[in-house]
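See below for the structure under consideration.
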Amino acid sequence: METFLWGVQGFLACVFLIAGVASALGFLERRANAQGIVMPVQGLRFRLIGIAEVAGSIGLIAPVATGIAPVLTPLAAAGLAIIMAGATILNLRAGGRNTAFVNIGLMAMCAVVFDAYWK
């Protein structure tokens, strides 16, 4: 079970690190603007969400791996699940059902990590 859990944490950390860096640096926003896509969240808020995703990805791995404040891992998972809940709502409002399903899957994986570490 521990190997499975580390796999889930590693996958989530990679996904949120890549998406967070792309959001924080503005790559996703520029790409959407170039394609004529109207983003429901723009500017500074979009970049702050990206920074939160990067912090969450670090929080999924570092506390448990180092043994320093391991209570932060379930909190990071809960925070990322909240971000995914908001993303799901925004995607459903914009008509992006397929993207919403991906968000729900990531949210479920965050819930697994939260449940495993919350005591």
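What to note about this one:
- Meets criteria (touching a Lys or Arg at 6+ places or on another chain (Cβ under 8 Å) and of a type outside the set (D, E, K, R)) for Ala24: yes
- Criterion: under 14 Å from the mean Cα position of the chain (by Cα), surrounded by fewer than 18 Cβ atoms within 10 Å (Cβ to Cβ) and over 14 Å from Val15 (Cα atoms) - qualifying residue of Ala85, Ala65, Ala100: Ala85
- Checked against (1) out of contact with any Ser or Thr (no Cβ under 8 Å at 6 or more places or on another chain); (2) of a type outside the set (Lys, Arg); (3) assigned to a helix (DSSP H, G or I), Pro40 meets all criteria but (3).
- Within segment 12-40, the set of residues being surrounded by fewer than 16 Cβ atoms within 10 Å (Cβ to Cβ) and over 18 Å from Met84 (Cβ atoms) comprises Leu25, Gly26, Phe27, Arg30, Arg31, Ala32, Asn33, Ala34, Gln35, Gly36, Ile37, Val38.
- Gly105 vs. criteria at pLDDT 95 or above and exposed (fewer than 15 other Cβ atoms within 10 Å of the Cβ): yes
- Among the residues here, Gln9 does not qualify as touching a residue at least 12 places away in the same chain (Cβ under 8 Å), surrounded by fewer than 13 Cβ atoms within 10 Å (Cβ to Cβ) and of a type outside the set (Phe, Trp, Tyr).
- Taken together, Ile68, Ile89, Ile82 contain a single residue that is of a type outside the set (Lys, Arg), without any contact (Cβ under 8 Å) to a residue 12 or more places away in the chain and not in a helix (DSSP H, G or I), which is Ile68.
- Here Lys119 meets the list (1) farther than 21 Å from Ile18 by Cβ; (2) part of a helix (DSSP H, G or I) almost entirely, failing just condition (2).
- The residue that is nearest to Gly96 (Cα to Cα), counting only those in segment 41-55 that are surrounded by 13 or more Cβ atoms within 10 Å (Cβ to Cβ) and at pLDDT below 95, is Val41.
The values are calculated or read from the model by the stated rules, or taken from the named source; none is laboratory data. Predicted, not measured: the structure shown is a model, and the values here were computed from it. Virtual Cβ from ideal backbone geometry, glycine too; neighbours counted across all protein chains shown.
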